[in-house]
Every structure is written in C-alpha cells, then in structure tokens.
1. Looking at (1) farther than 27 Å from residue 24 by Cα; (2) more than 13 Å from the chain's Cα centre (by Cα), which one does residue 90 not meet, given that it meets all the others?
2. Return the residues of the range 30-51 that are surrounded by fewer than 20 Cβ atoms within 10 Å (Cβ to Cβ), closer than 21 Å to residue 76 by Cα and in contact with a helix residue (DSSP H, G or I) (Cβ under 7 Å, 6 or more places away or on another chain); say none if nothing qualifies.
3. Given (1) more than 27 Å from residue 71 (Cα to Cα); (2) in contact (Cβ under 8 Å) with a residue 60 or more places away in the chain, where does residue 164 come up short, assuming only one miss?
4. Filter the range 129-151 down to residues that are touching a helix residue (DSSP H, G or I) at 6+ places or on another chain (Cβ under 7 Å) and either surrounded by fewer than 17 Cβ atoms within 10 Å (Cβ to Cβ) or in a loop (DSSP other than H, G, I, E, B) (or both), then give me how many there are.
5. Got a number for residues in the range 106-128 being surrounded by 13 or more Cβ atoms within 10 Å (Cβ to Cβ) and not in a helix (DSSP H, G or I)?
6. Which of the residues spanning the range 85-98 are in a loop (DSSP other than H, G, I, E, B), modelled with pLDDT of 70 or more and touching a strand residue (DSSP E or B) at 6+ places or on another chain (Cβ under 9 Å)?
7. Among what's in the range 155-166 and is surrounded by 15 or more Cβ atoms within 10 Å (Cβ to Cβ) and at pLDDT below 75, pick the residue that is farthest from the chain's Cα centre (by Cα).
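The values are calculated or read from the model by the stated rules, or taken from the named source; none is laboratory data. On a predicted model such as this, the values are computed, not experimentally measured, just so you know. Note that each Cβ is placed from the backbone with ideal geometry, even for glycine, and that neighbours are counted across all protein chains shown.
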C-alpha cells in the first residue's frame with residue numbers, strides 16, 4: 001500500500017496537486033501546510049482519505065477534486081474530511097454541499113427541498129433525492145440528512161450569506 005503520510009506532508013505553494021496512480025491512502029494532516037492548495041487530482045487507486053487537514057483550521061482551502069474514477073468508486077472510498085468540495089469524476093460531478101438543485105448557488109429553494117426531504121423521510125416515505133443530492137444535503141457528513149443539516153444550511157445561507165460573509169462549510173460546522 002502506498003500512502004501519503006503525515007511525515008511526508010505536502011507543503012505546496014501551487015494551487016493544484018496531482019497524486020500519482022498507485023497511491024491508495026492519504027494519511028492524517030497530509031495537507032495541513034497547504035493554505036494555497038485549491039485543487040487535488042486523486043487516482044482511482046485511492047481507498048482511504050483521512051482528515052487531510054488535521055487540526056489546522058486555516059488549511060481547509062481545497063474546493064475542487066478531480067477523481068480519476070467513477071462516482072460509484074468515489075463513494076466506496078473511506079473519507080474523514082473533504083466535505084466542502086466539488087468532486088469531478090469521469091462519469092459526472094458530485095456537487096458542492098447544499099446546492100441540491102445544481103444551479104451553482106445555495107438559496108432558499110435548496111433549503112426548502114431539504115426540509116421536504118426530511119419531512120417525507122420522517123413519515124417513512126421516499127424523499128425523492130438522488131444519491132448526489134443526499135451527499136450534497138448531508139452537511140455534517142454523518143451519513144444521513146436530518147434537521148441538523150437543515151440548521152447548517154439556514155445558518156450558512158440566512159445568517160452568514162445574508163450578512164455578506166462568504167464562509168466555508170467548515171466555518172459553519174466547527
């Protein structure tokens with residue numbers, strides 16, 4: 001197993017990083033000194049991504065991942081971080097958090113859709129979301145869409161965006 005370990009942290013000045021094919025694991029805190037890093041290309045050989053930022057809150061800068069595999073393969077990778085990113089797979093894109101209608105922005109229609117989904121699921125009905133929408137609506141990354149995720153959407157959109165801030169999801173959750 002080839003991994004990017006904490007002892008070999010990437011300290012990149014560039015905004016883009018390409019991880020070579022054959023690497024299967026990214027260890028804890030691997031990108032903790034990479035405040036400039038915005039985009040990472042991850043090989044299809046990847047099986048585990050630990051908390052790449054560690055405890056460094058100023059390093060949560062990655063906004064885009066290019067994954068050299070399919071959406072289905074991406075979903076099988078065990079991940080401990082990377083909640084606030086757009087993932088571009090060879091067969092499609094997994095959108096950013098809370099953009100449930102895929103229009104490139106988070107607004108009241110996304111919040112309403114999430115509320116309807118939670119209400120339907122609460123009474124045992126199908127909420128009507130695609131797998132990609134469920135991933136986008138699961139703001140806290142706990143594997144389910146619930147009232148906590150809606151709270152984070154409201155805090156992000158109504159409170160912080162309405163006040164003219166441009167927070168990341170990590171700012172909202174942590």
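1. Of (1) farther than 27 Å from residue 24 by Cα; (2) more than 13 Å from the chain's Cα centre (by Cα), only one is false for residue 90: (1).
2. 44, the sole residue that qualifies.
3. Of the numbered conditions (1) more than 27 Å from residue 71 (Cα to Cα); (2) in contact (Cβ under 8 Å) with a residue 60 or more places away in the chain, the odd one out for residue 164 is (2).
4. Looking only at the range 129-151, we keep the residues that are touching a helix residue (DSSP H, G or I) at 6+ places or on another chain (Cβ under 7 Å), and these are 129, 137-140, 145-147, 149-150.
Narrowing the set further to residues that are either surrounded by fewer than 17 Cβ atoms within 10 Å (Cβ to Cβ) or in a loop (DSSP other than H, G, I, E, B) (or both) leaves 129, 138-140, 145-147.
Residues that pass the stated criteria total 7.
5. Matching residues across the range 106-128 total 3.
6. From the range 85-98, those in a loop (DSSP other than H, G, I, E, B) are 85, 90-91, 95-98; that's our starting set.
Those still in the list that are modelled with pLDDT of 70 or more too: 85, 90-91, 97-98.
The answer is 85, 90.
7. Filtering the range 155-166 for residues that are surrounded by 15 or more Cβ atoms within 10 Å (Cβ to Cβ) and at pLDDT below 75, the one farthest from the chain's Cα centre (by Cα) comes out as 161.
Residue-by-condition table, conditions (1) at pLDDT 85 or above; (2) farther than 22 Å from residue 165 by Cβ; (3) in a loop (DSSP other than H, G, I, E, B):
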site	(1), (2), (3)
31	no, yes, yes
34	no, yes, yes
41	yes, yes, no
46	yes, yes, yes
51	no, yes, yes
74	yes, yes, no
